[in-house]
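The values are calculated or read from the model by the stated rules, or taken from the named source; none is laboratory data. Treat the numbers as computed from the prediction; the structure is a model and nothing was measured. Please note: Cβ atoms are built from the backbone with ideal geometry, for glycine as well, and neighbour counts cover all protein chains shown. Quick note on the areas: whole protein, heavy atoms, side chains included, nothing else; ligands and nucleic acids left out. Shrake-Rupley method; radii C 1.70, N 1.55, O 1.52, S 1.80 Å.
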Amino acid sequence: MVKNKKKIVILGSGFAAVECARQLEAEFGKDPGIELVMIGEDNFLLFTPMLPQVASGMIETRHIVFPIRTICKKTKFYEGRIKNIDPYGKLVTIWGTGDKRSISIHYDFLVVALGSETNFFGMADVEKNAYTMKTLNDAVMLRNRVIDMFEQAENETNPILRKSFLNFVVVGGGFAGIETAGELMDLLLDARKYYPTIHKEDLKVIVLEAMGEILPGFNKKLADFAKKKLIERGIDIQLKKAVTSFDGNEVTIKTLDETPKDSIDQSEVESIITKTLIWTAGVTPVNTIKRSMFKTEKGKIIINNFLEVPKFPGVFAIGDCALFIDPITNRPFPPTAQIAEAQAKMAAKNLISLIQNSEQEKFVYHSKGQMAIIGKRSGIATFLGVNISGFVAWLIWRNVYLSKIPTFDKKTRVFLDWIIDLFFDRDISRLKLMKREAELEYKLLDEVDDVWWLYFFIII
């Protein structure tokens, strides 16, 4: 038993958490004086850049998930949702469930990488009725929904109802929204062949973006190229459109104008009939962060140039849950996997420096480029300072992301999925899965924890 053993706890199981754990394993994996612990709500890393391809049926579901235990072999893993972080007592508490009791884990050093969740901007009806693209379940549910709409529309005689089945609205013109719209159109065109009464002109994919352009932050020429290609493929892109409500049958939108705030709002309000609205319009930090003792701004943890939380030495925050201002734009960095991994590497490096009593290094982000696919064998990319569009950009996207897949077997499976897609249409089987409602903040499960504690005291 090693005396004064130091415990490093990493919260999360996304790109930032996994990359940080791998960097720390490389340094401390054989050090008996350091214990590495990871706590994640899921026991796998989800390769989110390929979620739209799972939703479209191009890639098999299990091929973009990687068990934490197979890629972080020297890290002790706990599956659970974080209930509370106590930076003063250096304790992290995990929610109890009906199957397991709540536990608290002490740490000496902490890395918070809890990511984010979908932001509906307070619109409860949208949150209730919209589909999202954040988790693996979201992708599977969306694919099932599309196939179900085809089945309903094929035999529907009411033209208005039929139109609502075949109208698909994507909210958000960022990477997630544009890539989802492109993959969705590919799925619709492949599936249509098996439904005799549904024609190409019946299908409509509409992208609603509140800003005046799609793919904000991307090179303007490439964004314009993407917009042009999407329109050519039949996707309707509507800019300066903000969703105000969605009841499951009709989405209400408001046209945003340049009207000064002190004048009368003359924004035009319109609606689109649809049964399927896909929300990709924003993210927000998880509630665990918002109610934590850490100082936050807009829900994100405020950190210094070393990615460390002020007033709490040895506590680092990285990824979507951390607020780090880009010195060039003077705005927070966007929530991308590339930035999360870069911060993870620097946080691990600084944590190692802290343990070894050496000087820490400031985080400076250098972009490696940007990429997006926009449908059938077409994409856009800024790579090594060069702007590329079309088929070549599509090939670069595939090669780069294939190289990022952490295990050889999953690389092979994804590659074979892509090869199969070249020769065959998408599968149109609809899996009858029931969406299990999540227990909000595990409110009822506190009673389970209380029972365990009562049992503990009785035994004593």
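Just a few scattered comments:
- Scope region 131-149; condition open to solvent by 20 Å² or more (accessible area, probe 1.4 Å), touching a helix residue (DSSP H, G or I) at 6+ places or on another chain (Cβ under 7 Å) and outside any strand (DSSP E or B); matching residues: 133, 136, 140, 143
- Filter result for residue 338 (in contact with a Ser or Thr (Cβ under 8 Å, 6 or more places away or on another chain), open to solvent by 30 Å² or more (accessible area, probe 1.4 Å) and outside any loop (DSSP other than H, G, I, E, B)): yes
- Checking residue 306 against (1) part of a loop (DSSP other than H, G, I, E, B); (2) at pLDDT 95 or above; (3) out of contact with any helix residue (DSSP H, G or I) (no Cβ under 9 Å at 6 or more places or on another chain), the condition it does not meet: (3)
- The condition of being hydrophobic (A, V, I, L, M, F, W, C), crowded, with 17+ Cβ neighbours inside 10 Å and at positive phi holds for residue 307.
- Test for residue 124: is it open to solvent by 10 Å² or more (accessible area, probe 1.4 Å), without any contact (Cβ under 8 Å) to a residue 24 or more places away in the chain and not acidic (Asp, Glu): yes
- Number of positions in region 227-263 that are in a loop (DSSP other than H, G, I, E, B) and either at pLDDT 95 or above or under 24 Å from residue 127 (Cβ atoms) (or both): 5
- Single condition residue 245 does not satisfy, out of (1) open to solvent by less than 20 Å² (accessible area, probe 1.4 Å); (2) within 23 Å of residue 163 (Cα to Cα); (3) hydroxyl-bearing (Ser, Thr, Tyr): (1)
- Some residue of region 62-83 being of a type in the set (S, T, N, Q), open to solvent by less than 60 Å² (accessible area, probe 1.4 Å), under 24 Å from residue 175 (Cβ atoms) and out of contact with any His (no Cβ under 9 Å at 6 or more places or on another chain): no
- Of the criteria (1) surrounded by 17 or more Cβ atoms within 10 Å (Cβ to Cβ); (2) under 30 Å from residue 126 (Cα atoms); (3) not acidic (Asp, Glu), which one residue 346 fails: (2)
- Of residues in region 271-289 being in a loop (DSSP other than H, G, I, E, B) and polar (S, T, N, Q), the one farthest from residue 161 (Cα to Cα): 280
- Total residues in region 161-172, condition touching a helix residue (DSSP H, G or I) at 6+ places or on another chain (Cβ under 9 Å) and either at pLDDT below 95 or closer than 13 Å to residue 279 by Cα (or both): 4
Each row is one residue, and each column tells you yes or no for (1) among the hydrophobic types (A, V, I, L, M, F, W, C); (2) within 27 Å of residue 428 (Cα to Cα); (3) at pLDDT 95 or above.
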position: 16; (1), (2), (3): yes, no, yes
position: 23; (1), (2), (3): no, no, yes
position: 26; (1), (2), (3): yes, no, yes
position: 30; (1), (2), (3): no, no, no
position: 38; (1), (2), (3): yes, no, yes
position: 42; (1), (2), (3): no, no, no
position: 49; (1), (2), (3): no, yes, no
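- Enumeration of residues in region 26-54 that are more than 13 Å from the chain's Cα centre (by Cα), open to solvent by 20 Å² or more (accessible area, probe 1.4 Å) and within 28 Å of residue 400 (Cβ to Cβ): 26, 27, 29, 41, 42, 43, 44
- Of the set (1) under 30 Å from residue 56 (Cβ atoms); (2) part of a loop (DSSP other than H, G, I, E, B), all apply to residue 360 but (1).
- Residues (surrounded by fewer than 19 Cβ atoms within 10 Å (Cβ to Cβ) and part of a loop (DSSP other than H, G, I, E, B)) located in region 88-119: 88, 89, 90, 97, 98, 99, 100, 101, 108, 119
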